[in-house]
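**Student:** Mind having a look at this structure? Questions to follow.
The values are calculated or read from the model by the stated rules, or taken from the named source; none is laboratory data. Because the structure is predicted, anything quoted here is derived from the model rather than measured. Please note that ligands, DNA and RNA were not included when accessible areas were found on the heavy atoms of the full protein model with its side chains. Shrake-Rupley method; radii C 1.70, N 1.55, O 1.52, S 1.80 Å.
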Amino acid sequence: MRIPTTLVTNDVVAAREFAAEHPSVVCKTFRGLPPGEDGRAGAIWTQRVHSDDFDDSLSVTAHLFQAEVPKVGDVRVTVVGRRVFAQRITAPRGAVDWRRGDWNDLVHAPVTVPAVIETALHGYLAASGLVFGCFDFALTGDGSSPDDWWAIECNPNGQWGWLPDAPAITQAFADILTTEGTSSSS
């Protein structure tokens, strides 16, 4: 899989050097903000950053910096066992992070995952000892070529209930849970 050049650091000098090496850089947080007074957890969305944005406050915790991929859309691929569900997500006005706006404005469309990408996803899960993962990709083309697919992350929260194919994903989980650990002896 193609992966954007990535740096995880809390070193301001390393972050500035990384930002200087790439035409555009995004910063992603590892976790959301603690709940506010209203009880709702906050979020820090993926955003473009510049080397002059960094100061000594960066040293408090690790940050993930990535060379920005010139994407035309995003894909969420949900893998449950051997089943693969993929939805292309198009955000209005080409948002850097589609999660930031009104989710009712997102356009979803099923997309076929190239075989080489699907094989890599199953390999990733197998190497991790997992049967489930939600993978995010940036697309730089129509998605028909594996070269269009840039792996951003295996999402640690694994959300899928908001996707149009959520009922099929739910069924895939039910299928695994009802057959996992059962023997096939008669």
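**Student:** If you take the C-alpha gyration tensor of region 123-173, multiply each eigenvalue by 5 and take the square root, what semi-axes do you get, largest first, in whole Å?
**Tutor:** 21, 16, 10
**Student:** Another question about this same structure. Check which residues have an amide H placed less than 5 Å from Q47's amide H, if you skip close sequence neighbours.
**Tutor:** So Q47 has HN proximity to C27.
**Student:** Counting only protein heavy atoms, what percent of the accessible surface of the chain is carbon or sulfur at a 1.4 Å probe?
**Tutor:** C and S fraction of accessible area: 53 percent.
**Student:** Under a 5 Å amide H to amide H cut-off, with H placed in plane at 1.01 Å, what residues pair with N155 once short-range neighbours are removed?
**Tutor:** C134, F135, D136
**Student:** I would also like to ask the following. Taking 0.36 nm per residue of separation and subtracting the Cα-Cα distance, what length does fully extending A95 through E21 add?
**Tutor:** Extending this stretch completely gives an extra 24.3 nm.
**Student:** With springs only between Cα atoms under 10 Å apart, run a GNM on the chain and tell me which of S57, S144, S24 wobbles the most.
**Tutor:** Among S57, S144, S24, the largest mean-square fluctuation in the Gaussian network model of the chain belongs to S57.
**Student:** Something else: Any idea of the accessible area per residue across region 1-152, 1.4 Å probe, to the nearest Å²?
**Tutor:** About 56 Å² of surface per residue is accessible.
**Student:** Using the Karplus curve 6.51 cos²θ - 1.76 cosθ + 1.60 with θ = phi - 60°, what ³J(HN,Hα) values do you get for each residue of region 108-113, in whole Hz, with x for Gly and Pro?
**Tutor:** Karplus-based 3J(HN,Hα) across region 108-113 equals 10, 8, x, 9, 8, 7 Hz.
**Student:** Quick one: among L58, L121, L163, which has the greatest mean-square fluctuation in a GNM of the chain with alpha-carbon springs under 10 angstrom?
**Tutor:** Sorting by GNM fluctuation, first place goes to L58.
**Student:** Now, a different point. Considering amide H positions built from the backbone, and no H for Pro or chain starts, which residues 5 or more places from G73, or on another chain, come under 5 Å of its amide H?
**Tutor:** L139
**Student:** Hey, any idea what Rg/Rh is for the chain, computing Rh the Kirkwood way over Cα pairs?
**Tutor:** 1.01
**Student:** Another question about this same structure. Which one, V75, V84, V60, has the greatest fluctuation when you compute a Gaussian network model over the chain with C-alpha springs under 10 angstrom?
**Tutor:** Per the Cα network of the chain with a 10 Å cutoff, V60 tops the list.
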